[in-house]
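One structure is given below, encoded as structure tokens.
Rule-based calculations on the coordinates, nothing more; no lab input. As the structure is a prediction and not an experimental result, all values here were calculated from the model. With ideal geometry, Cβ positions are generated from the backbone for all residues, glycine too; neighbour counts draw on all protein chains shown.
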Amino acid sequence: MSGPTDPQANNATGAASETGTGVDHAHVRPLLEDDGSRDGPAILTWMVGLLLVPAGVLLALGLRGAADSRDPRIPDLIAEHLPETGVSNPVTGVLLNFRGYDTLLEVAVLVAAMVAVWSLDRGQRVFGLPAGRARDEPVLAAVLRLAVPTAFLTAVYLTWLGSSEPAGAFQAGALLAGAGVLLTVARVMRPPTAAALPVRIIAAGGVAGFVVVGIAVLPFTGAFLAYPEGWAYPLILGLEAALAVAVAVILVELFVDVPSIPAPDSTLDTVDPTGDPLGRALAPDATPPDPGAP
Amino acid sequence: MTPLDLYAWAGVAVFLLALHAVVTRAHLIWKVLGINLMGTGVFLILLAAPARRDPLVADPLPQGMVLTGIVVAVAATALALGMALRVMSRTGSPFLTVDPESADPDPDAPEPPS
Amino acid sequence: MTGAELWTTAAVFGPLLAALVALGGRPWTLKAGLALGSGTALAGSLGLWVEVTRQGPVRHLLGGWGAPLGIELWADGFSVAMLTVTAVVGAAVSLYSLSYFGDLSELDAGASPAGRAARYFAPLWLLLWAALNGIYLSADLFNLYVSLEILGLAAAALVTLAVTPKATVAGMRYLIVSLVGSMLFLLGVALLYTEFGTLSLEELAAAAPAGPMAAASLALMTVGMAAKTALFPLHAWLPPAHAGAPAPASALLSAVVVKGSFFILVRLWFAVYGGASDGGLLLMGGLGAAAILWGSVLALRQRSLKRVIAYSTVAQLGYLFIMFPLLAPEGLGAGGASGPASPEWSDDAWTGGILLALSHALAKAAMFMAAGNMTYAVARDALRDISGVAHRLPMSFLAFGLGGLSLAGLPPSAGFVGKWLLLREAISAGGWFWVAIITIGGLLTIAYVLMVLRHALDLKASSGDFRPVPKRMEWAALLLALAAATLGVRATETFQILLQGGVTPWS
């Protein structure tokens, strides 16, 4: 790119930043303080409040009077068809069979958020130590030795348990992500970078698994995600496993990849505010001679 | 009045208080947390309100919706916080400083009325 | 498996898979992803067009369950029309983006803002595309909410691909508005489920929602969706966001993304609520009228090219809401308001209004791409900086002009047919207020389009620096503009598809 490069740019993908000593957060604190002086005038605060109070009263009254007279009701329908779903926990049945499409899109939301966070330019990474330079603290090491394997084991158990009890891929994924975050914060594990292909593949695996299974069953059952008879349980279990790992990786990514705040003056002036939205200024030397110019 | 009514009303209260914060608070962290809390309010309503008709039969559908909603809220909050940090790094301010319809110093600002 | 299952699968899950391919981060994966997404979306929409023309609205019972237990994909003429125009615009913008973001082979060095944008535009846009198609095909309230969230997150991220502080702030504001809108929608969903015990739009329509809870949820969902559609007075986020984004993102956001929430509004108000109340329809129409005037006047006062077009979007979206009162029997606001007891929806207002939505998508995408070419060439965005650019970029100039022609409603554009139908309906119902608004809006449109063209033609002030614009970017803009300018000739086919299902497909 011919445009001016961001001074932080060389930190974004490579390991260069990770040899740094971390980020000086002194300039960040004022940004997080809020004395309320920028809020609107007090009269506005009160007026919005006065508008919302009657809305709340109306909603509360309405909720009290609400009555559903449908028949048969959805809980009865779910109970009736639960044996066909391949699982015995009704919530898992809803999430992975009746409304599997919603769950597919839900993982797609996670992927969208991850890609969106990747697309924000990053300053220095918050957790910037290279792997192998773990903090030399005996208590931390002992906790990690205890907590991380337990988390992994529990996650596997939760994934498997989801078909019959309140548990499942998302709970397991959150637990795995917790272990990942712990390892990252303790600087045992180098945070996975956006550029790492395995990260992308695993993160995409949840959605990809869903879509591939959905399309694969289409010729047999005539509907997307309609599991053939007898296949529901193994397919759901497989999907849950893929989901758990994908959710874990995505959550760790969301945690470690948010941009840290460089000192304000270091990035403010890197982009010509009136120019190309991508900051590709039209440098004079980059302009080829224009034969059509008068 | 049953406990489920209380949960649903608490949901309404949380939702509206959070909405109030989003509308009146200028600091981005307030806004992001407010949006997150609005979701929590809806989840409370979603779990309590349909259930109060027949408290003995748990309806798995709202539970599924809430589980999905929580994951969606996590994703949205993460992105919103990341973006808020980026606003801070780009503008040096934790507020949305550029008013969309007011004049700003750039040449592409609307011309003052003549 | 019938055509319905096959084509709906292609339309939604094709772009979704393509987004994962594009996530690969190599130049070839970006190209493959965009090609796969465009191909499946085009195939899906055309396949559905044929199916729906042949046998009326079709459905796909996902998971084999069907409502109310499962989720149904459901396509009527309205869905198909929106899918198709999204596919056409999306394919053109995808092509455009391959050149706009520069040399893709520099991606891996790409920690520069431009490299990052090149790398993440395709996956974000393909995710957004899948969500949009999902919205057009969804027949389930909660599913709409989840799709909306993908749409909102990806759309805000597309804005912040631009690195200027203004665009960053605009993207943040867009994200906040979008998320609050989703939350209001979700609360509406919760209320409806509490009251009616179903999430299926079709079952809700059969229950004919009425009463305080139904009204409250419609109000909540309407405010939420109106904010996302930038309906006046909730439009303030739109101009900085659409003007600040990189050109391909601007084109997509203005042309197709705001239509997603508009689609939901129309579905809710008419298909589910059967027109709701006369007062509500008049209010929506009134806000639309205000949007036309306010947006057009502010467009005239802008000094930056992309802000003119962005304010024009605010104005043109107003037309889509003028459709609301005109759809009602005999037209509302004309004195002859009859109750919605046995609604006879106006075919003229329906086909005219939706045709305007379609033609706006084509024209606005073309105009933003053309404007993108001009700002790409001079690396400046102010109107005075594009002086004389018409001589350097005649194709882009033509594309902008043709797009403006369609917006202003000159024949044979689709905009002309749409406005003419709305006018005819307004006149026959005696709604002279709407006639005046439509006419004044058209004149103001001509004024701001001419304002831009005048600057572009101004040779005397022509600036020196000029970056050559890849031909592909010029062609993409011109082809869409030609489509917008001539769609009016083929309006009959569009009418036929729009009447499959019509205003209230489930009644």
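Can you give the FRET efficiency to the nearest 0.05 for residue A:145 and residue A:212, using r as the Cβ-Cβ distance and R₀ = 41 Å? Could you put the intermediate results ahead of the total?
Details: r = 37 Å, r/R0 = 0.91.
Efficiency, from the Cβ-Cβ distance: 0.65.
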Relative contact order (%) - criterion: Cα under 8 Å, at least six apart; region: chain B
25 percent
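Quick one: grab the alpha carbon gyration tensor of the range C:220-340, order the square roots of its eigenvalues as a ≥ b ≥ c, and give me rounded if a/c is under 1.5, else prolate or oblate depending on whether a/b is larger than b/c.
Numbers: a/c = 2.91, a/b = 1.81, b/c = 1.60.
Here the range C:220-340 falls in the prolate category.
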Work out from phi, with θ = phi - 60° and the Karplus expression 6.51 cos²θ - 1.76 cosθ + 1.60, the ³J(HN,Hα) of each residue of the range C:112-117, listed in order in whole Hz, and give x for Gly and Pro.
6, x, 5, x, 5, 4
Shielding by partners for B:5-13, please: the mean number of other protein chain Cβ atoms within 10 Å of each residue's Cβ.
4
Would you please put C:223-235, C:442-454 in order of how densely packed they are, using the mean number of other Cβ atoms within 10 angstrom per residue and starting with the highest?
C:223-235, C:442-454
Working from Cα positions, state the angle (0 to 90°, nearest 10) between the long axis of helix B:28-48 and the longest principal axis of chain B.
20 degrees
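For the range A:90-260, what class follows from the C-alpha gyration tensor (a ≥ b ≥ c being the square roots of its eigenvalues): rounded when a/c is under 1.5, otherwise prolate if a/b is larger than b/c, else oblate? Could the numbers behind the result be given before it?
Working: a/c = 3.01, a/b = 1.67, b/c = 1.80.
Oblate shape, in that a/c is at least 1.5 and b/c is the bigger or equal ratio.
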At 37 °C in a medium of viscosity 0.692 mPa s, the range B:3-91 has a Stokes-Einstein diffusion coefficient, with Rh taken as the Kirkwood radius over alpha carbon pairs, in µm² per second, of 233 µm²/s
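How would you rank B:27-33, C:389-395, C:143-149, highest first, on the average number of other Cβ atoms within 10 Å across their residues?
Details: B:27-33: 21.4, C:389-395: 19.9, C:143-149: 27.9.
By packing density, highest mean first, the sequence is C:143-149, B:27-33, C:389-395.
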On a 0 to 90 degree scale, rounded to 10, what angle separates helix C:212-229 from the longest Cα axis of chain C?
10 degrees
Tilt, helix C:432-457 to longest principal axis of chain C (alpha-carbon atoms), in degrees rounded to tens, equals 10 degrees
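Most exposed first by the Cβ proxy, i.e. fewest other Cβ within 10 Å, how do B:72, C:93 rank?
By the 10 Å Cβ count, ascending, the order reads B:72, C:93.
Using a simple charge model, +1 on the beta-carbon of Lys and Arg, -1 on the beta-carbon of Asp and Glu, nothing else, what dipole does the range C:279-507 show about its Cα centre, in debye to the nearest 20? Intermediate results must be reported in sequence, preceding the final value.
Working: 16 positive and 11 negative charges, 217 e Å.
So the dipole magnitude of the range C:279-507 works out to roughly 1040 debye.
So if we plug the beta-carbon distance of residue C:347 and residue A:197 into 1/(1 + (r/R0)^6) with R0 = 41 Å, what FRET efficiency do we get, rounded to 0.05? Write down the numbers at each step before the final one.
Working: r = 54 Å, r/R0 = 1.31.
Efficiency at R0 = 41 Å is approximately 0.15.
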Taking Cα pairs closer than 8 Å and at least 6 residues apart, the relative contact order of the range A:90-260 in percent is 36 percent
Please work out the FRET efficiency for the pair residue A:231 and residue B:2, using the Cβ-Cβ distance as r and a Förster radius of 56 Å; give the result to the nearest 0.05.
0.85
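Which entries of C:166/C:471; C:306/C:419; C:31/C:471; B:31/C:31; C:419/C:460 have Cα-Cα distances beyond 26 Å here?
Values: C:166/C:471 29 Å; C:306/C:419 24 Å; C:31/C:471 18 Å; B:31/C:31 38 Å; C:419/C:460 37 Å.
As for pairs spanning more than 26 Å Cα to Cα, those are C:166/C:471; B:31/C:31; C:419/C:460.
Relative contact order, percent, of chain C when contacts are C-alpha pairs under 8 Å separated by at least 6 residues? Can you show the working numbers first?
Values: 997 pairs, mean separation 79.3, N = 507.
Result for chain C is 16 percent.
Normalise the Cα radius of gyration of the range C:279-507 by 2.2 N^0.38 Å (N = residues in it) and let me know the number. Don't jump to the answer; show the numbers that get you there.
Details: Rg = 18.8 Å, N = 229, 2.2 N^0.38 = 17.3 Å.
For the range C:279-507, the normalised Cα radius of gyration is 1.08.
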